[in-house]
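Take a look at the structure set out below.
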Amino acid sequence: MRRQTAISGINPAGSGRALRPDPLSLPFRFDAHDTRADGGIRQIELHREHVVLRRAVLGMRMAVNVRVSDFSGIALREVADARMLVLLHRDPSLTIPLCTSSDRDEIAAAWQMWSEIFSLPQLTEHEPSESAPRRRRRNAVHWRRPKFLVRRRVGAALDPATVHRGESEIMARE
């Protein structure tokens, strides 16, 4: 496997390619609008197995690497007078725009293609994406009691038939 430089195998930003990445020519790099980033732009690299988001916030440069399997699916959004395909994540700041078109046939073909390439379901904006199961938090006092004791069920109460009330106790002393 050869080493990839900034130019080889990945289209650099501003290389003259259209803003519609072709799913068959991955990896692909493009710029997208980001209101919280410095300059209002973030750089996105799409690979078959993962996505890399690069941006700078308040002068601090960062790169976020997200697996494609962590995304919910390929969603179709209605924008002003067109339709947009996005790679939908449960965190809205990680949602990635894939393409925009006003042609219904073109957007349907692209939707199917992106879904097959990433092996993700096709979602519409009206379908709620399933959220990931909530992670268990580490409690501040987790060290006080072992986990198996926390899970253990409390024993049943004493059987009322074996309790003798109102009787004097008889003991044999030998």
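Values quoted throughout were computed directly from the atomic coordinates according to the rules given, and no laboratory measurement underlies them. Computed from a prediction, not measured in an experiment: that's the story for all the values here. All Cβ positions, glycine included, derive from the backbone under ideal geometry; neighbour counts span all protein chains shown.
Is it true that some residue in region 94-112 is over 19 Å from residue 24 (Cβ atoms) and touching a Pro at 6+ places or on another chain (Cβ under 6 Å)? Looking for residues that are over 19 Å from residue 24 (Cβ atoms) and touching a Pro at 6+ places or on another chain (Cβ under 6 Å), one finds none in region 94-112, hence no. In region 59-71 there is no residue matching the filter, namely being more than 11 Å from the chain's Cα centre (by Cα) and surrounded by 15 or more Cβ atoms within 10 Å (Cβ to Cβ).
For region 92-106, residues that are within 26 Å of the chain's Cα centre (by Cα) and surrounded by 11 or more Cβ atoms within 10 Å (Cβ to Cβ) total 9. Listed by first and then second residue, the pairs linking a residue in region 99-116 that is without any contact (Cβ under 8 Å) to a residue 40 or more places away in the chain and aliphatic (A, V, I, L, M) to a residue that is surrounded by fewer than 17 Cβ atoms within 10 Å (Cβ to Cβ) and part of a strand (DSSP E or B), with Cβ atoms under 7 Å apart and 6 or more places separating them unless they lie on different chains, are 107/101.
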